[in-house]
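First comes the structure, then the notes that go with it.
The values are calculated or read from the model by the stated rules, or taken from the named source; none is laboratory data. In this text the structure is predicted, and so the values were computed from the model without any measurement. Methodologically, a virtual Cβ is constructed for each residue, glycine included, from the backbone with ideal geometry; neighbour enumeration extends over all protein chains shown. Note: accessible area is taken over every heavy atom of the protein model, side chains too, but ligands, DNA and RNA are not part of it. Shrake-Rupley method; radii C 1.70, N 1.55, O 1.52, S 1.80 Å.
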Amino acid sequence: MDTSLSDTTKLKEVIRKLCTTKIRNPLTMERVRTWLKQFSTPEEQTLALLILKNLIYRTTDQIESCLRQALKEAVLHFEPPFDDEPDYDWRRILTNVRPVRSGKFFYLAPPIAAAASPGKSGELIARLLHSKFGVERSYLTYCEERTIPEDEYLLVVDDGSFTGSQITDIFKVSGQLMRFHSRGAVILSIVHEDAIQRLNTDFPDVKIFYGELLTKKDNFKSVCDNWISNGNWPYSDIHPYDLYVSIANRAGIASSAEGFGKLGLLVVYEHGIPDNTLNLLWERSSNWEPLFER
């Protein structure tokens, strides 16, 4: 069955409105048109438009909101209010305004070692923690090979984790940092259930707090199946996932078409794009121009 021109036009209009209303800033319709030109057939055009419509696009404000929820839950877990404490203020506790009732201080770190330089997400999170949550820079630290002192909590904070590999790898490099105690936690704006499973397996003593949860239903194969069952995919002779793989092969990026961990996510941040997201959105080859820069 062929998709009607009106259906394609409706999809383009939805995407145009998302761009012009700056909901997906800094994505522009001009960049979208350039990317769309690489999809040649009507089927490919429909696939590209569905991908664009269903992006899980998160602005800096949305990341901040999710981090706020996760940080609050962490403080409530580690330093819960007393029954007769009407003036409990989790922000005051997080920022180590004395006295912290248990005598412990909160330190916050990106999931990288001290010798590494933070990327875009690390810089963004550090700015948010300082400017939006009031954490003094003296309490912003790095992961390193040491044991967390008895008077310290360590919250490892990031915008997202989808396979959990980066965080578990840095924790393994950091030796005893996150092992055999209950004073460490991971704080994430958005997380995939695969990352939670891996972190729980490798570091069962570490608590995980997050603002938004993705599941296998958000993986590209599942999204494609959902398009078919909901009638969003009008072509009965080809599966949208198979079509995507064929385009990725033509673009010269088929070996990693679904991104790192083969989750095939549709996650995009205002400040960048994770490598777990579909590669056609961010990878450049000799015959493919991405929509987003990494």
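Structural remarks
- Checklist (1) closer than 21 Å to E30 by Cβ; (2) assigned to a loop (DSSP other than H, G, I, E, B) applied to D275, failing item: (1)
- Members of the stretch 149-174 found to be out of contact with any Lys or Arg (no Cβ under 9 Å at 6 or more places or on another chain) and of a type in the set (D, E), listed by number: D158, D169
- Tally of residues being open to solvent by 10 Å² or more (accessible area, probe 1.4 Å) and without any contact (Cβ under 8 Å) to a residue 60 or more places away in the chain across the stretch 215-258: 25
- Looking only at the stretch 139-170, and only at residues there that are in contact (Cβ under 8 Å) with a residue 60 or more places away in the chain and of a type outside the set (G, A, S), the one that is farthest from Y269 (Cα to Cα): Y153
- Among the residues of the stretch 77-96, just one is in contact with a Leu (Cβ under 7 Å, 6 or more places away or on another chain) and either over 19 Å from S138 (Cβ atoms) or surrounded by fewer than 13 Cβ atoms within 10 Å (Cβ to Cβ) (or both), namely W90.
- K120 meets all of the listed conditions (1) of a type outside the set (S, T, Y); (2) open to solvent by less than 30 Å² (accessible area, probe 1.4 Å); (3) touching a His at 6+ places or on another chain (Cβ under 6 Å) but one, namely (2).
- Top-ranked residue in the stretch 205-243 [being hydroxyl-bearing (S, T, Y) and either in contact with a Phe, Trp or Tyr (Cβ under 7 Å, 6 or more places away or on another chain) or part of a loop (DSSP other than H, G, I, E, B) (or both); ranked as nearest to I273 (Cα to Cα)]: T215
- The set of residues in the stretch 164-203 that are within 19 Å of P118 (Cα to Cα), open to solvent by 30 Å² or more (accessible area, probe 1.4 Å) and not hydrophobic (A, V, I, L, M, F, W, C) comprises Q166, D169, K172.
- Qualifying residue in the stretch 257-265 (condition: in a strand (DSSP E or B) and not polar (S, T, N, Q)): yes
- Selection status of A248, more than 25 Å from G122 (Cα to Cα), in a helix (DSSP H, G or I) and at pLDDT 95 or above: yes
- Taking residues in the stretch 181-200 that are among the hydroxyl-bearing types (S, T, Y), and partners anywhere that are at pLDDT below 95 and buried (at least 24 other Cβ atoms within 10 Å of the Cβ), the pairs with Cβ atoms closer than 9 Å and at least 6 places apart or on different chains are S189/I125.
- Scanning the stretch 204-226 for residues that are in contact with a helix residue (DSSP H, G or I) (Cβ under 9 Å, 6 or more places away or on another chain) and modelled with pLDDT under 95 yields nothing.
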